[in-house]
Every structure is written in C-alpha cells, then in structure tokens.
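Since the structure comes first, as structure tokens, the remarks are kept for the end.
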Amino acid sequence: MKVALTKGTLLVPPTYFALAHAGAMPEREWRVFTLAARVSDPSVTLPIHEAAPGALSPALPLRVASQARGLGAMRRAVSSWGPDVIHQHQATWSLPAVGAARETGVPLVVTLHGGDAYPRLGRGLGAAWNARNRRAAFEGATRLLAVSRYLADVALRAGADPARLSVHYQGVDTKWWTPSPGLSPGARPDLVPEGDHDLAAEGADSPEVPIALFVGALSRLKGVDDLVRASSSLVERRPHRLVLVGDGPLAPSLRASAPAHVTLTGPLARERVREWMRRARILALPTKPTQGRQEAAGLVLLEAQACGVPVVAYRTGGTPEMTAPGASLLTGERTPDALARAIDEALAWSDEERADRAAACRAWVDAERSLRGSVDQLRAVYDELTGSSLRGCRAASDE
C-alpha cells in the first residue's frame, strides 16, 4: 500500500507527529509531499517531495508567490505518484490533497490538529484562507480524524459530518520516551548522566533542588507568562528551578527579565528534551484559552508522563484527555495563584508518592496513549478505506 503524507510545510524538529506513524508502519510505502520542508534531524529518512521550497522564505512576497505556484505543483506530484491513500495533516493547506484525491479517486484522510478545526477565527486573508481550506477538507475527506474528543466536538460545531469523523489520539513512542535507563519511573539519579556536560553547566546536577520543566512555544497561549509568575511567587518558600525549553514571542522579554531561578534553554533536539524530562520533578503546561482557541491535545504531556514525569496543567480543551487520571494535577481555575498552589502541592510530594504517581503516569500512557495503539487504529482506518475503495471500483466495473 502506498500512502502519500501531505502537509503545507514540514519542519522537523519540531513537527515529528506528521511522520511518527509512517516510521512505525514500515510495511507501507510512504512519501511525503509538502510545499516546503526544513528537516535537520538525520534520523528522518522518508522521501520528501517539495513543490515550492521558497514557501519558507522570510521574504513575504517570495513566500506568497511560491505558495501560490506550489499548490498546483503539489497536487500534480501527489496524483502522479499514484497513492492508495492520501493522508493530509491539518486542514489548512489541504487544497492540494483534496484535489489529488478527487483526480485519482483514492481515499483522503485528514487529521485535524487544532486551529484548523474551528469555525473562522479572526478576520483578514489568513482567516479566510483557513476557512476555505477547512471547508474543502470537511467536504472532500473520506475520513476526518481529530486528535482529541474536545477537538472533534469543535469540528462538529464547525460543520464536520459526524458519520465521517472519529477521534484518533496521536500517541507517543513509549519505547523512546522512557525514564532514565535502569531506573524505575519516579526514581531520581544523583548525578547528571556521564558526559552530559551541557546539563551540568545549566545546573541540572543539583538534585536537592527540584526542577519544574516547561517544553513548548514561549507564548501566552501556552501560559508561560502565568507559569513564570506562579513559580516566582512560590520559589522562596518552595525552592525549585524553572526550566523553559523552546522559543516563541515571549522569549526576548523573558530573557531580559526572568528571575535567577529561571533557565531558558532555547529550542533543543529531542534527545536533549528527553534528558531534561528525565531530570524534572514535574512538567508544567498551563495552556489557556486564547482568541477563541484552546489546547487541542498536547503531545508533550504524553512524552513527559511516558518518562515518568507527572504533569501540572490547566484544565483546558483536550488537556484532560492527555493526563493520567489521579496521577497528574489539573486545575480548573486558570490563574497564576491556582497554578502556584498546584505546583506547590506537586513539589511537596514525598519521594514515595512522587514515584507512585510517576509509575501510574507511565503505565497510563503505555496503555492508553501509546504510538503502538495509535498505529494499530490508523492501520485499521487505511485498510478499511482501501478495501471499500477497491470494492467500489469492482462494483463500478461490473456495471
């Protein structure tokens, strides 16, 4: 079976989710089609076809012109390859995939990831473009997949056909996202792993000071401003370090004004993120509603819990679907004060309680949100759709 993975642009890192299922299904033949790609991880070996490399240009006129020219070229490239299934990630920029599915008559799967599922957000050309692509995806998809029950409900309110919509949790690789080798979930090594001088230089070799970790975009949507305020109000009576991994619009102001206990690492490779997770006492991700949107899922929540790290988060959007019941902490009051209380509670856990919660987080992700289970579900979707497609072709030829 040939599967065409399609996406507007592909940046790896951080966009591993679009490729994860392909890597776990080697019995299929895969090819990625995109307007433009920037892949710096050498472990990514899937063939990638770029229809318009200029679509990632920092110069707006060149970027827009490349995008406009690339839409048709991408559609033609997908059709020419002759896939058995087309799988589009994100309804935005879905027009080439929709057109190729119409031309070839093969099934089209569209995975909704967040803002692409909402009714029109905001005004202007960007909002209009997103709305146009969303309508095309909703009408043209053989199957719509939402990454959470919350997002599926958003899509239904935006006009998605319930008969063609289902929830497909993306899942994480629990064989890769693990606690430190040789340690049970929740156990804490006394020293930085041998040779890990970067972590030592950043202060991770101080196990007596627990680490609260954040991984993601440094933005108000992700609640980083609330997190820094909450941590700062707490640090004198509950000593800890706050480590912020990532980049985003709040990065310049945070670098200029962050308190001494806050470390900004910038963007890191997945291996470095995993090392920080293995050192952390908790992961905090206080994503909050912003401009009509809420967190759709949050794979970093699953990655941390798979590493045996309990999560502290706001109860927002699909976040509750990504946290181990009774083991991680969610607060319905989305304020810095409420967040500080939740972090305080988590940092006060005894080593035994923290280890129990860590083991429960790990077990829940492995049983309920693993990449293994997600792949099995997606494989069944592909097989069902291609079987239906073949039966339809045979029926048409018999008439």
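The values are calculated or read from the model by the stated rules, or taken from the named source; none is laboratory data. Please read these numbers as outputs of a predicted model, since none were measured by experiment. As a convention, Cβ positions derive from the backbone with ideal geometry for all residues, glycine included, and neighbour counts pool all protein chains shown.
Here's the yes/no breakdown for (1) more than 29 Å from Ser350 (Cα to Cα); (2) buried (at least 20 other Cβ atoms within 10 Å of the Cβ):
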| site | (1), (2) |
| --- | --- |
| Ser232 | no, no |
| Val245 | no, yes |
| Leu254 | yes, no |
| Pro259 | no, no |
| Glu275 | no, yes |
| Arg279 | no, yes |
| Leu283 | no, yes |
Working only within the range 25-34, note down all residues that are buried (at least 18 other Cβ atoms within 10 Å of the Cβ) and either closer than 26 Å to Ser57 by Cα or at pLDDT below 95 (or both).
Arg31, Val32, Phe33, Thr34
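Thr142 - would you say it is among the polar types (S, T, N, Q), at pLDDT 90 or above and within 19 Å of Val32 (Cα to Cα)? Before the answer, list the steps.
On the way: among the polar types (S, T, N, Q): yes; at pLDDT 90 or above: yes; within 19 Å of Val32 (Cα to Cα): no.
Considered against the rule, which asks whether it is among the polar types (S, T, N, Q), at pLDDT 90 or above and within 19 Å of Val32 (Cα to Cα), Thr142 comes out as no.
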Within the range 182-233, considering residues that are of a type in the set (S, T, N, Q) and modelled with pLDDT under 60, the one nearest to the chain's Cα centre (by Cα)
Ser184
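For the range 308-317, state whether one or more residues are surrounded by fewer than 18 Cβ atoms within 10 Å (Cβ to Cβ) and basic (Lys, Arg). It would help to see each step written out before you state the result.
Going residue by residue through the range 308-317, those that are surrounded by fewer than 18 Cβ atoms within 10 Å (Cβ to Cβ) are 315.
Narrowing the set further to residues that are basic (Lys, Arg) leaves 315.
Scanning the range 308-317, I find at least one residue that is surrounded by fewer than 18 Cβ atoms within 10 Å (Cβ to Cβ) and basic (Lys, Arg), so the answer is yes.
For the range 40-48, does any single residue satisfy the condition of being in a helix (DSSP H, G or I), of a type outside the set (Phe, Trp, Tyr), in the same structural domain as Arg132 (by TED's automatic domain parsing) and surrounded by fewer than 24 Cβ atoms within 10 Å (Cβ to Cβ)?
No.
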Residue match in the range 251-268 (condition: in a helix (DSSP H, G or I) and either within 26 Å of Pro179 (Cα to Cα) or assigned by TED's automatic domain parsing to the domain that holds Gly115 (or both))
no
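Has the range 112-120 got at least one residue that is under 24 Å from Asp383 (Cβ atoms) and in contact (Cβ under 8 Å) with a residue 12 or more places away in the chain?
Quick first cut of the range 112-120, residues under 24 Å from Asp383 (Cβ atoms) only: 112-113.
Filter once more, keeping what is in contact (Cβ under 8 Å) with a residue 12 or more places away in the chain: 112-113.
Yes, some residue in the range 112-120 is under 24 Å from Asp383 (Cβ atoms) and in contact (Cβ under 8 Å) with a residue 12 or more places away in the chain.
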Candidates Thr92, Thr15, Thr34, Thr6, filtered to the one that is within 20 Å of Arg379 (Cβ to Cβ) and hydroxyl-bearing (Ser, Thr, Tyr):
Thr6
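Results for (1) surrounded by fewer than 24 Cβ atoms within 10 Å (Cβ to Cβ); (2) touching a residue at least 24 places away in the same chain (Cβ under 8 Å); (3) in contact with a helix residue (DSSP H, G or I) (Cβ under 6 Å, 6 or more places away or on another chain), shown as yes or no for each residue.
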| residue | (1), (2), (3) |
| --- | --- |
| Asp84 | yes, yes, yes |
| Thr92 | yes, yes, yes |
| Ala97 | no, yes, no |
| Glu103 | yes, yes, yes |
| Val110 | no, yes, yes |
| Gly126 | yes, no, no |
| Tyr150 | yes, yes, no |
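Yes or no: Val300 in contact with a strand residue (DSSP E or B) (Cβ under 8 Å, 6 or more places away or on another chain), among the β-branched types (Val, Ile, Thr) and touching a residue at least 60 places away in the same chain (Cβ under 8 Å)? Walk me through how you get there before you give the answer.
Values: in contact with a strand residue (DSSP E or B) (Cβ under 8 Å, 6 or more places away or on another chain): yes; among the β-branched types (Val, Ile, Thr): yes; touching a residue at least 60 places away in the same chain (Cβ under 8 Å): yes.
Spelling it out, Val300 is indeed in contact with a strand residue (DSSP E or B) (Cβ under 8 Å, 6 or more places away or on another chain), among the β-branched types (Val, Ile, Thr) and touching a residue at least 60 places away in the same chain (Cβ under 8 Å).
Could you say which residue among Arg132, Arg76, Arg120 is basic (Lys, Arg), outside the structural domain of Pro289 (by TED's automatic domain parsing), assigned to a loop (DSSP other than H, G, I, E, B) and more than 20 Å from the chain's Cα centre (by Cα)?
One residue alone meets the criteria, Arg120.
Inspect all residues belonging to the range 14-35 and state whether any of them is of a type in the set (S, T, N, Q) and in a strand (DSSP E or B). First the steps, then the outcome.
Quick first cut of the range 14-35, residues of a type in the set (S, T, N, Q) only: 15, 34.
Checking the rest, the ones that are also in a strand (DSSP E or B) come to 34.
Scanning the range 14-35 turns up at least one residue that is of a type in the set (S, T, N, Q) and in a strand (DSSP E or B).
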